[in-house]
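In what follows, a structure is listed as structure tokens, so that the remarks can point back to it.
The numbers here are math on the coordinates, done by the rules we state, and not lab data. Remember, it's a predicted structure, so these values are computed and weren't measured experimentally. Cβ coordinates were reconstructed from backbone atoms using ideal geometry, including for glycine residues, and neighbour counts include every protein chain displayed.
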Amino acid sequence: MMKLLPAVFLFSAPALAFSAEPFARATVEASNGIVPGQQVRVDIDVYVPDFFTSPPQFPLFDLPNALVTLPAERSENLTQTVDGVQYTGIRKTYAVVPQASGTFTLPQFGVEFGHSSEGKETKATVNIPSVSFTVGGSTAKQQEVTFAATDLTVEQAFDHDARSMKVGDALTRTITITAQNTQAMMIPPLDPGTVPGLHRYENAPVIQDGIDVGRDTASRRTETYVYTADKEGSFVIPAASYTWFDVSSHESKSASLPAMTVNVTAAGTASAAIKPVLEEAPRPLPHVNRQRIAIIILSLLALAAFAWIARKMLPVLGGRLSLAKDRYHSSHGYRLKLLRRTIATGSEMEIYAHLAQWSRSLGYRSLGDWLRDAPDELRSQIDMLSARLFKSADETIDRTKLATAVDFTKADTVLIESVLPPLNP
């Protein structure tokens, strides 16, 4: 391809010879006669003295009646010497697809980057100069909008022999359109035609750029159709044609797919046609499988380590828990809670026995010794309880008052008085 309409913008022109400053160039690549639908490549070169510290940020811009994209291609590194100064450059290529005839002028826009200046990192912006190109009509057919490319091929394939189907079977037809000097998103779909008597289901197209074709790269559109039959018969998938404008020869061309006859016979057992599942379940990528295996192995190791630690620590933890439980059960508060529960719900004999046990736990030899230090209310309630149990008196205790009065002293404050008489009176 030859370069047309080059434009050079020197950031500090015309003083380039006296100071080394960043600058930019814009160049339109094209062959003779651009037609609507043809991809036009615009090279943007950004140069800095010394080297870049951060890559240029190339923005997208709008252009009426055209589609502007940044193809996923690697940037090209450049070098150039200007007036004895060594410059480092980066080239990025825009793809512009005009949709009509006329003159197209790309707007000026800024590109930001970082570069080294006198040993320090410096942020800078250069303005990309405006460039233009002219789009004419197709020489074959003066159409305003066409699809233009080079080396275009159309192919089709079936997943099994289309001439032998049974009722309820599914036949998958894959059509691929491959072309150079275009983008996959610009490749128009092919009309597959209709087949009376067959049900047709269409999958979403798959588009790909950067496909290796020998030493070149191409773009591809893949369309998938599934045909099913619910009755016997002979059905014809019609021939299909695909027309495009060949940029190399500057003429319209057409590719065709042959017709295909589908013979459907009766199934072994009666069955109705089932709508096929077009989308296959996604298969995990190899690195995903490796990550899952690694996670499973780490999880198993963690569980094994936890089991080993638990086996070593459980006896210790069990002993500590048992000791803590014993301490709690022997605590004053817990024993008082049990006594009050017995007073509230137990029989009179159970209350009397629990009170005797309670007095001994406080360090007294008997219930009477404990009552000797008890307040009047507590002594009165226990006297009524004793009279009712041992004297058949018609006394009735107040369980609420008794439960409230039992906690009047603690064992560590009790002084036990001997019941034995003095040895030497």
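Taking label positions 7 Å along the Cα-Cβ direction at both S164 and L389, the computed distance is 10.2 nm, reported to one decimal. Put a dot 7 Å past the Cα of I211, heading toward its Cβ, do the same for D230, and the two dots end up 3.5 nm apart. The calculated FRET efficiency for the pair S361 and L314, based on their C-beta separation and a Förster distance of 30 Å, comes to about 0.35. Applying 1/(1 + (r/R0)^6) with R0 = 41 Å to the Cβ-Cβ distance of E118 and E29 gives a FRET efficiency near 0.70. Each 10 Å bin from zero holds the following percent of Cα-Cα pairs in the range 332-413: 18, 58, 22, 1.
Fully extending the segment from L63 to V85, taken as 0.36 nm per residue of separation minus the present Cα-Cα distance, adds 4.4 nm.
Once both labels are positioned 7 Å from their Cα atoms along Cα-to-Cβ, the gap between E202 and I293 label points is 4.3 nm.
When the P(r) of the range 149-265 is calculated, the portion above 26 Å amounts to 27% of the C-alpha pairs.
Looking at the range 2-135, the pairs of alpha carbons with a distance over 26 Å make up 25% of the total.
Taking R0 as 25 Å, what FRET efficiency do you get between S248 and S75 from their Cβ-Cβ distance, rounded to the nearest 0.05?
Calculated transfer efficiency: 0.40.
Where the centroid of each part is defined by its Cα atoms, how far is the range 45-91 from the range 99-129 in Å? A separation of 8 Å, based on Cα centres.
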